[in-house]
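Trainee: Handing you this structure, nothing more for now.
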Amino acid sequence: AQSVTQPDIHITVSEGASLELRCNYSYGATPYLFWYVQSPGQGLQLLLKYFSGDTLVQGIKGFEAEFKRSQSSFNLRKPSVHWSDAAEYFCAVALTGTASKLTFGTGTRLQVTL
Amino acid sequence: NAGVTQTPKFQVLKTGQSMTLQCAQDMNHEYMSWYRQDPGMGLRLIHYSVGAGITDQGEVPNGYNVSRSTTEDFPLRLLSAAPSQTSVYFCASRLAGQGVYEQYFGPGTRLTVT
């Protein structure tokens with residue numbers, strides 16, 4: 001079955017430290033890949049996306065993600081975390097040709113300590 | 001543009017009551033979707049629509065109905081509310097077209113069924 005796994009439920013980092021959030025997917029082909037962020041009480045905002053081409057993609061708010069086909073991974077990174085980055089982060093995938101079907105991971109909640 | 005709007009923001013229902021969650025978008029997006037978000041489970045697709053007059057089931061459609069009479073609106077109906085439908089509901093939309101999978105999310109409706 002197709003699935004998206006975010007193995008870390010909760011991560012705490014200090015402000016200014018680097019961040020990496022993990023995402024693995026299980027699909028027969030390379031899907032389209034996304035990272036969304038959800039601040040408390042808010043909807044989801046797209047951070048970045050990968051369709052094809054350069055495997056290192058840049059997003060908003062200083063985030064980047066790297067697609068590694070051999071590991072079926074799409075990990076999200078940020079070199080220096082700000083307190084305002086505290087939120088929940090969701091990895092999502094969509095198969096080529098599917099309509100609106102995004103499949104989400106279960107999310108990683110990021111806490112930033114000052 | 002207002003983007004994707006949802007009403008109401010909060011709702012409390014008694015078991016067995018029915019109600020409609022409203023979703024509208026002003027971006028002329030062909031595709032619209034409804035997701036529910038439950039703790040530890042990420043977002044799961046309930047129903048989606050690829051255009052006016054066309055709807056289909058997602059991962060968790062039981063207990064919900066949808067219709068799409070206009071491009072702008074995509075209401076979600078709960079026929080007979082159950083406590084298991086307590087959740088946060090998100091509506092999303094996107095353009096049609098090959099390779100366009102970025103979805104825009106509304107702010108959500110928090111529903112409690114007692």
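The values are calculated or read from the model by the stated rules, or taken from the named source; none is laboratory data. Just so it is clear, the model here is predicted, and its values are computed rather than measured. Cβ sites come from the backbone with ideal geometry, for glycine too, and all protein chains shown count toward neighbours.
Trainee: Which of the following residues is among the aliphatic types (A, V, I, L, M), free of Cβ contacts under 8 Å to residues at least 12 places away in the same chain and assigned to a strand (DSSP E or B): A:Val57, A:Val93?
Mentor: A:Val57
Trainee: Does B:Ser33 meet the test of being at the interface with another protein chain (Cβ under 10 Å from one of its Cβ atoms), in a strand (DSSP E or B) and more than 23 Å from B:Thr86 (Cβ to Cβ)?
Mentor: no
Trainee: Moving to a separate point now. Would you check if A:Val93 is at pLDDT below 95 and among the aliphatic types (A, V, I, L, M)?
Mentor: yes
Trainee: Shifting gears a bit: Looking at the stretch B:68-95 only, could you name the residues that are within 14 Å of another protein chain (Cβ to nearest Cβ), out of contact with any His (no Cβ under 8 Å at 6 or more places or on another chain) and either part of a loop (DSSP other than H, G, I, E, B) or under 17 Å from B:Gly3 (Cβ atoms) (or both)?
Mentor: The answer is B:Arg68, B:Phe74, B:Tyr89, B:Phe90, B:Cys91, B:Ala92.
Trainee: Restricting to the stretch A:70-90, and then to whatever is within 9 Å of the chain's Cα centre (by Cα) and either outside any strand (DSSP E or B) or closer than 16 Å to A:Thr5 by Cβ (or both), can you tell me which residue is farthest from the other protein chains (Cβ to nearest Cβ)?
Mentor: So, considering only residues that are within 9 Å of the chain's Cα centre (by Cα) and either outside any strand (DSSP E or B) or closer than 16 Å to A:Thr5 by Cβ (or both), the one farthest from the other protein chains (Cβ to nearest Cβ) is A:Asn75.
Trainee: Taking the stretch A:96-114, which residues are surrounded by fewer than 19 Cβ atoms within 10 Å (Cβ to Cβ) and part of a strand (DSSP E or B)?
Mentor: Passing the criteria: A:Arg109, A:Gln111, A:Thr113.
Trainee: Anything in the stretch A:11-47 that is aliphatic (A, V, I, L, M), surrounded by fewer than 19 Cβ atoms within 10 Å (Cβ to Cβ) and under 11 Å from the mean Cα position of the chain (by Cα)? List them, or say none.
Mentor: Residue satisfying the conditions is A:Leu46 alone.
Trainee: Please work out which residue is surrounded by the most Cβ atoms within 10 Å (Cβ to Cβ), limiting yourself to the stretch B:1-31 and to residues that are within 17 Å of the chain's Cα centre (by Cα) and hydroxyl-bearing (Ser, Thr, Tyr).
Mentor: Only one residue fits best here, namely B:Tyr31.
Trainee: Only one of (1) under 19 Å from A:Gly105 (Cβ atoms); (2) at the interface with another protein chain (Cβ under 9 Å from one of its Cβ atoms); (3) of a type outside the set (Phe, Trp, Tyr) fails for B:Asp56. Which number is that?
Mentor: Going through (1) under 19 Å from A:Gly105 (Cβ atoms); (2) at the interface with another protein chain (Cβ under 9 Å from one of its Cβ atoms); (3) of a type outside the set (Phe, Trp, Tyr) one by one, B:Asp56 breaks only (1).
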